[in-house]
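Any read-out appearing in this document is the output of simple, stated calculations on the displayed coordinates, not a laboratory observation. Given the structure is predicted, the values throughout are model-derived calculations rather than measurements. No Cβ is skipped: glycine too gets one built from the backbone with ideal geometry, and neighbour counts run over all protein chains shown.
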Amino acid sequence: MSSKIKEFDVVALHIDLPDAGLCAGQTGTVVYVHNDGEAFEVEFPIEARRSVVETVDAKDLLKLLNLGIRRAQAG
């Protein structure tokens, strides 16, 4: 699985972005990739039916992996 961040990946912030009201650990979805992954436009949900889009440097994001749901195998 690739660790490179791309559009529609779910990411988490490493840092606080106080001007946007965001704190480290908050999750969002990448909606645009700048300069081959140097920075990203990330949409962060902040309350029901409201979100904020911020430009975030790659070094300040952690890609979250979708491991899916494992089903128990019948024996």
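Structure data summary
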read-out	value
Per-region count, the range 1-43, residues aromatic (Phe, Trp, Tyr) and in a loop (DSSP other than H, G, I, E, B)	1
Subset of the range 38-54 (residues that are surrounded by 12 or more Cβ atoms within 10 Å (Cβ to Cβ) and either of a type outside the set (A, V, I, L, M) or touching a residue at least 40 places away in the same chain (Cβ under 8 Å) (or both))	PHE40, GLU41, GLU43, PHE44, PRO45, SER51, GLU54
Cβ-Cβ under 7 Å pairs, at least 6 apart or on other chains, the range 2-21 side exposed (fewer than 11 other Cβ atoms within 10 Å of the Cβ), far side of a type in the set (A, V, I, L, M, F, W, C)	PHE8/VAL30
Check on LYS63, out of contact with any Pro (no Cβ under 6 Å at 6 or more places or on another chain) and in contact (Cβ under 8 Å) with a residue 60 or more places away in the chain	yes
